[in-house]
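Data block below; observations after.
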Amino acid sequence: MRPIGRTLLAAVVLAGSAAAEGVNAPAADALFEKAVAALKQGRYDEACPAFAESQRLDPRPGTLFARAECETKADRPATASALFSDYLTAAADLPPAQKAKHRERMQLADERKKALAPQIAWLTLTLPEGAKAEVTLDGTRLGGPSLGLALPIDPGEHLIQTKSDGGEHEARLTLVKGERREVTLTVRSTRATPEVGAPEVVTRASAAPSASAAPPPRVSGVKTVTWVAGGVGAAGLVVGAVAGALVFKQKSTVNAHCQGTRCDAAGKDAADAARPLATISNVGLAVGVVGVAVAWFTSGGDDGEKQAARVRVDAGPTRGGAGVSIAGAF
């Protein structure tokens with residue numbers, strides 16, 4: 001795994017493409033001289049790319065070493081260390097005669113790598129569990145094997161981007177020399193679930209009762225008793241009065257057709273008819289009186305409730321036929 005610096009492995013990528021594009025030694029030499037001049041003047045951001053372009057046009061171990069030195073002076077230790085490793089690999093593959101010419105520089109490259117190691121920052125990037133996203137670090141896409149692995153990286157500011165079906169997210173972080181940091185990436189999701197925290201609570205307000213609205217009328221059981229008792233009492237008085245009138249009518253017939261205990265047929269019929277009417281009249285009048293009395297006692301609101309609880313009305317047969325009684329405390 002190559003270190004990820006601001007040049008992002010450009011040396012390796014460019015060197016690999018040189019063979020396909022063909023060698024342009026004159027242009028590579030011109031760029032190399034330009035890079036050396038800029039390096040001597042401390043213009044590292046100009047010198048290092050010139051070395052990289054020279055290496056792309058005509059790959060040589062010496063150009064790799066020069067570029068590694070430039071990246072070291074530019075304070076990019078991870079990139080410089082990777083370039084020194086590339087140089088050592090390239091020099092080791094040279095024929096013995098040429099390899100001998102690089103012996104001192106190979107030893108110097110190894111020393112440079114050891115000196116740079118403590119300055120390299122390390123960054124571990126991980127995705128949330130179950131998340132899928134494309135991850136990019138400083139413009140270079142990282143594959144799955146790079147995630148969860150500590151990557152060597154140049155100190156300084158870096159841009160991290162994630163792209164998923166839910167959208168894109170980017171963040172910047174700054175690392176110092178020798179720092180090791182682990183970062184769990186943020187991934188946009190298509191789900192509408194809140195990220196972290198309490199679920200949304202929807203409170204529905206109910207309409208408050210109007211101050212001017214009167215409460216519904218309260219109909220108590222006592223009021224019902226009062227109304228029923230009053231109605232029954234009135235009906236009883238009416239029935240008793242009617243039946244009494246009929247009794248008086250039959251009585252006049254009895255008086256006209258009876259002498260003592262002896263009556264003719266008309267008198268006897270009138271006497272027989274008067275008996276049940278008299279009973280009905282008595283009962284009707286009694287019921288009427290009781291009903292009116294109960295209605296009067298229970299017409300006093302809460303006091304009426306107390307009175308109603310103390311009044312008991314009984315109706316039943318008597319020796320004379322039927323009767324109604326009132327019992328309770330008054």
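The values are calculated or read from the model by the stated rules, or taken from the named source; none is laboratory data. Quick caveat, the model's predicted, so the values are computed rather than measured. Note: ideal-geometry Cβ built from the backbone for every residue, glycine included; neighbour counts use all protein chains shown.
From the list Glu182, Glu168, Glu157, the one residue that fits, being surrounded by 12 or more Cβ atoms within 10 Å (Cβ to Cβ) and assigned to a strand (DSSP E or B), is Glu168. Kindly establish whether Ser85 is crowded, with 24+ Cβ neighbours inside 10 Å, of a type in the set (Ser, Thr, Tyr) and either part of a helix (DSSP H, G or I) or at pLDDT below 95 (or both). It is false that Ser85 is crowded, with 24+ Cβ neighbours inside 10 Å, of a type in the set (Ser, Thr, Tyr) and either part of a helix (DSSP H, G or I) or at pLDDT below 95 (or both). Between Arg56, Arg43, Arg76, Arg67, the distinction of being at pLDDT 95 or above and surrounded by fewer than 19 Cβ atoms within 10 Å (Cβ to Cβ) belongs to Arg43 only.
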